[in-house]
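The values are calculated or read from the model by the stated rules, or taken from the named source; none is laboratory data. As the structure is a prediction and not an experimental result, all values here were calculated from the model. For neighbour counting, all protein chains shown are included, and Cβ atoms are generated from backbone atoms with ideal geometry for every residue, glycine included.
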Amino acid sequence: MQIILHYWDTLVNSTLKPADQSLQPSSNEHLPFLIYKSEAEWEKTKALLIESVISRPKIKDKQQYIQLHHAMLIRLLNKLYAYSQNEDVSDTIRDLYSKISQHLENALSFIEDYFSSYLDRNEKVPTIYLVLSIAELTRQLNALQQTLRENDIDRTLIEILSNNFSSFFGKQETGTSYNELIYQKALMNELLSDGIIASETTIRETLFYLNFNNDEYVAHLYQKFSALIEPLPTRKEKIAALRFEQKSINQLRTKLNCYFSDSMPSLKEQINQWIEEEIKFLDTEQSPEALYKTDVDGDSKIHTSLSVARLALLLRLMVIDKIITNRVVAPVLRIVVKMVTTLQTENIAFGSLETKYHNPDRGTISAVKDMLFRWINILSKL
C-alpha cells in the first residue's frame, strides 16, 4: 500500500525532535523553508488522497487506505504536541511546531470531511484536538450552567449534566475516541440551541433524542416517576400516570445510531422496562407486603455479609463486563431482592438496591476494590 506521508513522517520523527541539533537557535535560518515545504506537502497530499481513493475499486481497500493515513496523522500530531510541551523548547521552535501541526490538522480535517464514511470512529482523537475541544466545551459548560440556574432547572439535573461533561474533561489525560468527542459536542450544541434549556421538558426531549443513556440520568428519571405516583391514592391512578408518561416518552424523537454508552440499552428501552415492571407490580391483586413474601423461605436464600451498596456495585461490574448479559437490569435486581440477603437486612428494598446500583458512592467503590484485591490473593493460593 502506497503511503503518501513519508515527508511528514521523517520531518516529525527525525528533523523536528527537540534534541535535534538542526533546531538550535544558531540554525534557525532554515526553519522558514521547513514551513514552506510542509505547506506544499499539504497541497500535494490532498490531490494524492483523492487520486489514491478513486483508483481503489473495492470499498474495503478504500477504507483501509483512509484509516491508515488517518491514524498516521493522529500519531504525528500527538508527537508534535508532546514536543511542544518540552520545557527546553524555545518559542521559535514551538511556533514551528504549531505551523507544522496546522498543516497536519488540515490534512486530517480534509480526510474527516471528504472520507468520513471510511473512518474508524473508535480511533483516539489527537491530543491537540482534544485539548482545544475540551477548552471550548469548558467555556460552553460555564454558560450552560449559568443559564440552567437562571431558568430554575432542577439542581439534580444540572448536577447530572455537569458531572457528564466534567467526567469527559478528565479524559484529557487518557484520551478518548472520535465517537465520544462527537457525542459530547453534539450534546452541548443541542442543549445550547435556542429555547432548549428553558424548561425540563425541552431538556428531556433533547436527552431522549440523543439517547443520553447515562446511569445517573436513568436513576434520576426512575426517582422522578416514583415521586410522581407516590401521592396518588389508588393503583389505577398510579398505572394511568405511568402509562401517560410511557406514551409521552415513546412519542419523542430519537436520533439513529446515537448513544452515550454503547454497552447499555437505549434510554427509551431502560425507561420502558422500568415502567412495565412498576405497572406489573401495581397491577397484581396482592398487597405490596405479600409480594415480598415469596415461596423462597429464609434457608433457601443466599445469605451474604455484603451491604446493599456493595452488592449493587458487584452486580453493576458483572453487567458492565457482560458476565450478566440481560439487556435490562431491573428484572435482575428484582430476582436478587427475592433471593439474596445482606448483612443488615433479610429483605432488600428494590428501590434501595436500584438507587445504589446506578449511583455507587466513593466509599463503596474503595471497599469493593479492597475486596477484589483480597480475591486475587485468595486465587493465588488455590
Is there a residue in the stretch 114-122 that is of a type outside the set (F, W, Y), touching a helix residue (DSSP H, G or I) at 6+ places or on another chain (Cβ under 6 Å) and part of a helix (DSSP H, G or I)? no
For the stretch 34-81, give me each residue that is more than 32 Å from the chain's Cα centre (by Cα), assigned to a helix (DSSP H, G or I) and among the polar types (S, T, N, Q). S38, T45, S52
Applying the selection to the stretch 135-178, what residues are surrounded by 12 or more Cβ atoms within 10 Å (Cβ to Cβ), part of a loop (DSSP other than H, G, I, E, B) and of a type outside the set (V, I, T)? N151, D154, G175
Scanning the stretch 336-369 for residues that are modelled with pLDDT under 85, among the hydrophobic types (A, V, I, L, M, F, W, C) and in a helix (DSSP H, G or I) gives F350
Hits in the stretch 320-335 - residues which are surrounded by fewer than 18 Cβ atoms within 10 Å (Cβ to Cβ) and either of a type in the set (S, T, Y) or not in a loop (DSSP other than H, G, I, E, B) (or both): I320, T325, P331, V332, R334, I335
Subset of the stretch 212-265, residues part of a helix (DSSP H, G or I), among the small types (G, A, S) and in contact (Cβ under 8 Å) with a residue 40 or more places away in the chain, comes to A219, S226
Can you pull out every residue in the stretch 122-134 that is of a type outside the set (F, W, Y) and surrounded by 12 or more Cβ atoms within 10 Å (Cβ to Cβ)? E123, K124, V125, P126, T127, I128, L130, V131, L132, S133, I134
Please go through the stretch 194-211 and pick out each residue that is part of a loop (DSSP other than H, G, I, E, B), over 15 Å from S266 (Cα atoms) and touching a helix residue (DSSP H, G or I) at 6+ places or on another chain (Cβ under 9 Å). G195
Would you check which residues across the stretch 167-185 are farther than 19 Å from D120 by Cβ and either of a type in the set (A, V, I, L, M) or free of Cβ contacts under 8 Å to residues at least 12 places away in the same chain (or both) and list them? S167, G170, E173
Six or more apart or on different chains, Cβ atoms under 9 Å: show the pairs whose first residue is in the stretch 330-344 and under 10 Å from K301 (Cβ atoms) and whose second is modelled with pLDDT of 85 or more and among the hydrophobic types (A, V, I, L, M, F, W, C). M339/I302; V340/I302; V340/L306; V340/L311; T341/I302
Considering only residues of the stretch 345-382 that are touching a residue at least 24 places away in the same chain (Cβ under 8 Å) and charged (D, E, K, R), which is farthest from N163 (Cα to Cα)? E346
Before we move on, is S98 small (G, A, S), modelled with pLDDT under 90, surrounded by fewer than 18 Cβ atoms within 10 Å (Cβ to Cβ) and touching a helix residue (DSSP H, G or I) at 6+ places or on another chain (Cβ under 9 Å)? no
